[in-house]
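A.B. asks: Take a look at this one; I'll ask things after.
Just so it is clear, none of the values below were taken in a lab; they were calculated from the coordinates. All values derive from a computational prediction rather than experimental measurement. We place every Cβ from the backbone using ideal geometry, glycine too, and count neighbours over all the protein chains shown.
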């Protein structure tokens with residue numbers, strides 16, 4: 001039988017996790033208000049939902065929409081879908097480094113942690129739930145050879 005941790009040790013562990021989380025947010029340039037929101041009720045609030053298509057039924061190489069705007073400290077849920085007959089990537093590494101990913105869900109799989117790129121096969125769908133932390137402008141592209149050059153690019157803006 002595993003002994004239960006004393007209450008003081010549980011409190012110490014919880015405080016260590018919160019402190020570590022706040023330090024990480026600070027390193028990313030998050031404001032104290034954002035840190036308070038993230039550590040409080042923000043993750044329980046409904047996310048703003050946005051749908052993004054990677055390509056379309058006519059197999060055009062584009063993101064629809066190709067400009068995304070987010071507010072730092074607010075929770076979002078991207079519905080990504082690929083209605084084309086071609087595989088596509090949602091690649092935005094700098095953007096991914098400026099957000100905190102709560103989860104990515106595809107099919108019956110939920111992925112947590114740092115995400116830099118999502119691959120969507122023909123007909124695939126995925127959901128990405130995150131909170132932007134660092135303001136800035138970021139580029140989006142499909143990293144399959146020839147897709148970026150054909151215009152499968154976009155812009156992502158995070159404002160404070």
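A.B. asks: May I ask you to derive the FRET efficiency for residue 110 and residue 58 from their Cβ-Cβ distance with R0 = 35 Å, giving the value to the nearest 0.05?
C.D. replies: With R0 = 35 Å, the Cβ-Cβ based efficiency is 0.65.
A.B. asks: Something else: Size of region 53-160 along its principal axes in angstrom, Cα-based, largest extent first?
C.D. replies: 36, 31, 19
A.B. asks: Separation of region 43-62 and region 75-133 by C-alpha centroid, Å?
C.D. replies: 9 Å
A.B. asks: Could you grab the relative contact order for region 36-119? Cα pairs under 8 Å, six or more apart, rounded to a whole percent. Working shown, then result.
C.D. replies: Values: 108 pairs, mean separation 22.5, N = 84.
Contact order relative to length: 27 percent.
A.B. asks: How big is the antiparallel share of DSSP beta bridges in region 45-159, given as a percent to the nearest 5?
C.D. replies: Taking every DSSP beta bridge with both residues in region 45-159, the antiparallel ones total about 70 percent.
A.B. asks: Once you have the Cα-Cα distance between residue 149 and residue 79, take 0.36 nm times their residue separation minus that, and quote the gain in nm to one decimal.
C.D. replies: Gain on extension, residue 149 to residue 79, equals 22.7 nm.
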